[in-house]
Structures are given as structure tokens and as C-alpha cells.
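In what follows, a structure is listed as C-alpha cells, so that the remarks can point back to it.
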Amino acid sequence: MRWVRSESFAAWAFMTPGLLIIAVFVFWPIIYGIPLSLTNYSVIGETKYVGLDNFKNAFLDKNFTISLWNSLVYVIVVPFIQIFSILMAILVNSRIPGIKLFRAAYYIPVVTSMVAVALIWSWLLSSNGVVNYLLMQVGIISEQVSWLSTSETALATLMFITMWKALGYYMMLYLAGLQGIPNDLYEAARVDGANRMQLIWSITLPLLRPHIFFCSLISVMGAVRVFDEVYILTKGGPGTSTLVSSVYIFEKGLEQFNFGYASALGLIVSVLIGGLSVIVFKLNQKGGVNSY
């Protein structure tokens with residue numbers, strides 16, 4: 001009994017600093033944001049209770065509607081991130097000379113500052129940048145494209161940058177899952193005549209389901225809450241073509257000091273994220289991959 005108590009005490013001791021940080025910077029703002037959303041609170045004006053007016057105005061706000069739609073479109077990047085991350089994890093789990101160096105190299109974007117990443121991609125994607133030069137050399141495009149300054153390409157370009165930066169992170173999570181799968185299962189399946197695709201479909205993917213669920217969940221949440229790359233590279237432009245909910249809430253709250261309205265917008269986005277999370281949960285419960 002003493003051993004159990006000592007184990008529990010040690011566990012809570014290690015978790016307490018992290019839990020305090022989450023409580024102060026996550027749960028408290030959410031709790032405080034609920035009454036704040038019912039006011040017109042602003043640093044430079046008198047605070048008054050406005051009831052549900054902020055929420056009504058939110059659904060009449062054309063720019064907020066556009067930002068919500070763009071945030072939902074951004075979720076399209078999630079399946080591609082998961083598919084490519086799994087394939088890369090399978091690749092780097094192989095015993096190939098120099099594979100450890102490849103793992104380290106591909107993880108570098110994850111730990112690189114988003115500001116640095118944005119500056120590099122801004123240079124690469126400029127009209128006279130390397131991307132245009134290479135695409136013109138191979139004949140894919142015939143003239144220079146302003147990837148981040150054209151409404152038709154800006155959002156898709158930002159989604160690609162997000163995917164590129166996130167791949168290494170999810171690759172490592174899937175790699176950890178792959179290394180927990182016993183080799184005996186693969187050996188037994190090979191003896192039964194299973195080919196490479198059957199091994200992946202019947203053993204790898206079913207046993208990676210918990211990792212796929214977790215990675216998909218946090219990836220969906222991250223896609224809806226995307227901020228850094230959008231704000232640094234386009235600030236929601238050109239026009240409103242890349243305006244996402246996080247950037248719009250930032251503008252209303254920290255640039256226009258309309259904290260009551262920004263809180264209402266934040267609560268609406270939180271409900272949206274909660275709804276998408278429920279969908280991911282339901283899909284995970286439904287599904288799965290058939291066994292070999």
C-alpha cells in the first residue's frame with residue numbers, strides 16, 4: 001500500500017507543474033471567456049452587458065463566416081498529413097544505410113521556428129524564387145506565379161507549408177508505434193504468403209489505429225487553430241482568401257481591442273473544434289481496417 005501511495009505521489013508531483021500551466025493558460029481563459037463574451041469589454045471603453053449580441057453579430061459578420069469556411073477547408077490537409085506520415089514512418093523504420101540521418105534531417109522543420117520557416121518559404125515562393133524557376137525549367141508552368149499573393153493559390157500554398165512542417169512530427173509518432181509491433185506477426189504472415197501490401201493493410205494499419213486516431217485528432221484541432229504561418233506570410237490576404245478564424249480573432253481582440261466580441265468568436269470556434277473532434281471519435285469507433 002505504501003508503495004502504491006509513493007508511486008501515486010511521484011506521478012502527481014511530476015504532473016502538477018504541467019497541470020498548473022494548462023489550468024492557468026488554457027482552462028482559466030476558457031472559463032473567463034464565457035462571461036466576457038456577453039459584454040462589450042474593451043480596454044479603451046466602458047464595459048456593458050450585451051447578452052447574446054456578440055454571438056448574433058458573429059453569424060452576421062461576413063468576414064467571420066469566410067474565416068470559418070477557410071478553417072474548415074484547411075482540415076483537408078489532415079488526411080494527406082496522416083497518409084504521408086505513415087508512409088514515411090514505414091520507410092524510416094527500414095534498415096537502410098543512412099536512415100538515421102534522414103530521420104534527423106526530416107525532423108528539423110518541426111523544431112525550427114515558424115518565423116524562420118516562413119521567411120525561407122517566402123523567399124522560395126516569390127515571383128523570382130526557386131520554386132518558380134524549377135517549375136518553369138521542367139515545363140509545369142509557363143510564367144511566374146505569385147503563390148502567396150494570388151487568391152487562387154495562396155490558401156493551398158499555406159496548406160502545403162503546414163503539411164511540410166508537420167510531417168516530421170507525425171512521422172516520429174507513427175515510427176514509435178511501428179517499433180512497438182512485434183516482428184513475429186510479420187514473419188508469420190510472410191510464411192502464410194502475405195505480400196508487402198497485405199502486411200501493411202492487415203497488420204501495420206490495424207495495430208497503428210490508436211496512433212492514427214490520436215494523430216488525426218490533434219491534426220484536425222491544429223488545422224482549425226492554424227495561426228503562425230497564415231499571419232506571418234499573408235495576414236489573411238490577399239483580400240480574405242486566407243483569412244482563418246484564429247487570425248480574425250487575433251485582429252478583433254489584440255488589434256482592435258474588442259475583447260468581448262473576440263471571446264464570443266473564440267467560443268464559437270471551440271464548439272466547432274469540439275464537433276470535429278466528436279466526428280473523429282465516431283469514425284475511429286466505426287472503423288478500422290480488416291484483418292488479414
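Values as computed for the structure displayed
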item: Test: Trp123 is of a type in the set (Phe, Trp, Tyr) and surrounded by 14 or more Cβ atoms within 10 Å (Cβ to Cβ); result: no
item: Subset tally (residues that are open to solvent by less than 20 Å² (accessible area, probe 1.4 Å) and more than 20 Å from Ser219 (Cβ to Cβ)) for segment 147-184; result: 2
item: Sole exception among (1) open to solvent by 40 Å² or more (accessible area, probe 1.4 Å); (2) in contact (Cβ under 8 Å) with a residue 12 or more places away in the chain; (3) within 25 Å of Val75 (Cα to Cα) for Val110, by number; result: (1)
item: Pair list, Cβ < 9 Å and 6+ apart or interchain, from segment 270-292 residues that are modelled with pLDDT under 85 to residues that are assigned to a helix (DSSP H, G or I) and among the charged types (D, E, K, R); result: Asn284/Arg209; Gly287/Arg209; Gly288/Arg209; Val289/Arg209
item: Failed item, numbered, when Thr242 is tested on (1) out of contact with any Phe, Trp or Tyr (no Cβ under 9 Å at 6 or more places or on another chain); (2) open to solvent by 20 Å² or more (accessible area, probe 1.4 Å); result: (2)
item: Search result, residues across segment 257-283 that are outside any helix (DSSP H, G or I) and either farther than 30 Å from Gly45 by Cα or of a type outside the set (S, T, N, Q) (or both); result: Phe257
item: Counted residues, segment 37-91 - those being open to solvent by 40 Å² or more (accessible area, probe 1.4 Å), among the charged types (D, E, K, R) and under 23 Å from Val244 (Cα atoms); result: 3
item: Residue list for segment 92-107, restricted to those being over 21 Å from Ile218 (Cβ atoms) and surrounded by 12 or more Cβ atoms within 10 Å (Cβ to Cβ); result: Asn93, Ile99, Phe102
item: Residue that is most open to solvent (accessible area, probe 1.4 Å), among those in segment 245-258 that are within 11 Å of Leu68 (Cα to Cα) and of a type outside the set (A, V, I, L, M, F, W, C); result: Ser246
item: Subset of segment 178-198 (residues that are part of a helix (DSSP H, G or I) and not hydroxyl-bearing (Ser, Thr, Tyr)); result: Leu178, Asn183, Asp184, Leu185, Glu187, Ala188, Ala189, Arg190, Val191, Arg196, Met197, Gln198
item: Residue among Tyr231, Tyr261 that alone is among the aromatic types (Phe, Trp, Tyr), more than 23 Å from Ala166 (Cα to Cα), at pLDDT 90 or above and surrounded by 15 or more Cβ atoms within 10 Å (Cβ to Cβ); result: Tyr261
item: Selection within segment 199-213 - in a helix (DSSP H, G or I) and either in contact with a strand residue (DSSP E or B) (Cβ under 9 Å, 6 or more places away or on another chain) or closer than 13 Å to Ser85 by Cα (or both); result: Leu205, His211, Ile212
item: Test result for Asn132, among the polar types (S, T, N, Q) and surrounded by 15 or more Cβ atoms within 10 Å (Cβ to Cβ); result: yes
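The values are calculated or read from the model by the stated rules, or taken from the named source; none is laboratory data. Model, not experiment: these values are computed from the prediction. For neighbour counting, all protein chains shown are included, and Cβ atoms are generated from backbone atoms with ideal geometry for every residue, glycine included. Calculation scope for accessible area: heavy atoms of the full protein, side chains included, ligands and nucleic acids excluded. Shrake-Rupley method; radii C 1.70, N 1.55, O 1.52, S 1.80 Å.
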